[in-house]
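J.: My questions will all concern the structure given below.
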Amino acid sequence: MTRFDRAYYKRFYGKDGAHDEQRIAHLATAVHSMCAWWGVDVATVLDVGAGMGMWRDWYNTNHPAITVRSIDVSEHACETWNHELRNIAEWKPRGKYDLVICHSVLQYLDNTSFIKAIENLASATRCVLYLEIPTKWDYENIVDSRGTDLQVYKRSAAWYRKQLQPYFTQVGAGLWTPVDGLPMYQLEASR
């Protein structure tokens, strides 16, 4: 996709953007630690919309034995940071991954593509999905418009939860488990 070109990455990533290596390192450490807390021995990771490859790089540095597969729809990102050119709304992974990461990706998809992407993510997730999608409320109240791309679909949290509910249970902090997946205490999980 030409939209996610060199100019896009220059504008929205790095010290003035929404994501940089230090922030992703904190987030990846937390997500990986929660997986360990729940007894998930992460051996395989799928990074959907991998962008600059910061999650993959964090895993390669901190957990080099873990296999990370990174995909993106951007030809620029794939050529620059060595990902597979794949669109999660059209591509269904053959296998399952212990951890699937989908960080700030799905807000770019129209409703039909979003629903197909969720089906494909559900098919790929063995244990844990890390999912970040800003809602309409987030864009109006929290998101810093100076460092965030606002040319996205802005939907309610209720709409997102309705689409996710057939496949996932929310366990907090952007983490989801497949329905009937990891056993969770009742107050840890929300359905």
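The values are calculated or read from the model by the stated rules, or taken from the named source; none is laboratory data. From a predicted model like this one, the values you see are computed outputs, not experimental measurements. Counting neighbours? That spans all protein chains shown, and the Cβs are built from the backbone with ideal geometry, glycine included.
J.: Go over the candidates 96, 154, 116 one by one and state the one that is touching a helix residue (DSSP H, G or I) at 6+ places or on another chain (Cβ under 8 Å), charged (D, E, K, R) and under 29 Å from residue 59 (Cβ atoms).
T.: Values: 154 fails: under 29 Å from residue 59 (Cβ atoms); 116 fails: touching a helix residue (DSSP H, G or I) at 6+ places or on another chain (Cβ under 8 Å).
So the residue among 96, 154, 116 that is touching a helix residue (DSSP H, G or I) at 6+ places or on another chain (Cβ under 8 Å), charged (D, E, K, R) and under 29 Å from residue 59 (Cβ atoms) is 96.
J.: While we're looking at this one, here's another question. What do you reckon, is residue 107 in contact with a helix residue (DSSP H, G or I) (Cβ under 6 Å, 6 or more places away or on another chain), touching a residue at least 24 places away in the same chain (Cβ under 8 Å) and of a type outside the set (Val, Ile, Thr)?
T.: Details: in contact with a helix residue (DSSP H, G or I) (Cβ under 6 Å, 6 or more places away or on another chain): no; touching a residue at least 24 places away in the same chain (Cβ under 8 Å): yes; of a type outside the set (Val, Ile, Thr): yes.
Answer is no for this residue.
J.: Does residue 167 satisfy the criteria of being at pLDDT 95 or above and surrounded by 13 or more Cβ atoms within 10 Å (Cβ to Cβ)? Before the answer, list the steps.
T.: On the way: at pLDDT 95 or above: yes; surrounded by 13 or more Cβ atoms within 10 Å (Cβ to Cβ): yes.
Yes.
J.: OK, next. Just need a number here: residues in region 41-76 that are buried (at least 20 other Cβ atoms within 10 Å of the Cβ) and acidic (Asp, Glu).
T.: Number satisfying all stated conditions: 2.
J.: Take region 20-56 and flag every residue that is within 24 Å of residue 93 (Cα to Cα) and β-branched (Val, Ile, Thr).
T.: Of everything in region 20-56, those that are within 24 Å of residue 93 (Cα to Cα) and β-branched (Val, Ile, Thr) turn out to be 31, 40, 42, 44, 45, 48.
J.: Exactly one condition in (1) buried (at least 17 other Cβ atoms within 10 Å of the Cβ); (2) touching a residue at least 40 places away in the same chain (Cβ under 8 Å); (3) under 22 Å from residue 86 (Cα atoms) is false for residue 178; which is it?
T.: (3)
J.: Kindly indicate the residue of region 139-148 that is touching a Lys or Arg at 6+ places or on another chain (Cβ under 9 Å) and surrounded by 15 or more Cβ atoms within 10 Å (Cβ to Cβ) and also nearest to residue 173 (Cα to Cα) among those meeting that condition.
T.: Step one: of region 139-148, the residues touching a Lys or Arg at 6+ places or on another chain (Cβ under 9 Å) are 139-140, 147.
Still in the list and also surrounded by 15 or more Cβ atoms within 10 Å (Cβ to Cβ): 139, 147.
Working: 139: 18, 147: 21 Å.
So, considering only residues that are touching a Lys or Arg at 6+ places or on another chain (Cβ under 9 Å) and surrounded by 15 or more Cβ atoms within 10 Å (Cβ to Cβ), the one nearest to residue 173 (Cα to Cα) is 139.
J.: Can you find a residue in region 22-40 that is loosely packed, with under 14 Cβ neighbours inside 10 Å, part of a loop (DSSP other than H, G, I, E, B) and at pLDDT 95 or above?
T.: The answer is yes; a qualifying residue exists.
J.: Give the residues of region 128-138 that are surrounded by fewer than 21 Cβ atoms within 10 Å (Cβ to Cβ) and in contact (Cβ under 8 Å) with a residue 40 or more places away in the chain, sorted by residue number.
T.: 132
J.: Condition check: crowded, with 18+ Cβ neighbours inside 10 Å and touching a residue at least 60 places away in the same chain (Cβ under 8 Å). Does residue 124 satisfy that? Spell out the reasoning first.
T.: Values: crowded, with 18+ Cβ neighbours inside 10 Å: yes; touching a residue at least 60 places away in the same chain (Cβ under 8 Å): yes.
When the stated conditions are applied, residue 124 passes them.
J.: Within the group 65, 89, 25, which residue is farther than 30 Å from residue 185 by Cα, in contact with a Phe, Trp or Tyr (Cβ under 9 Å, 6 or more places away or on another chain) and not basic (Lys, Arg)? Working first, answer last.
T.: On the way: 65 fails: in contact with a Phe, Trp or Tyr (Cβ under 9 Å, 6 or more places away or on another chain); 25 fails: farther than 30 Å from residue 185 by Cα.
Answer to the check: 89.
J.: Right, next: So how many residues does region 44-65 have that are within 13 Å of residue 100 (Cα to Cα) and either in a loop (DSSP other than H, G, I, E, B) or at pLDDT below 95 (or both)?
T.: 2
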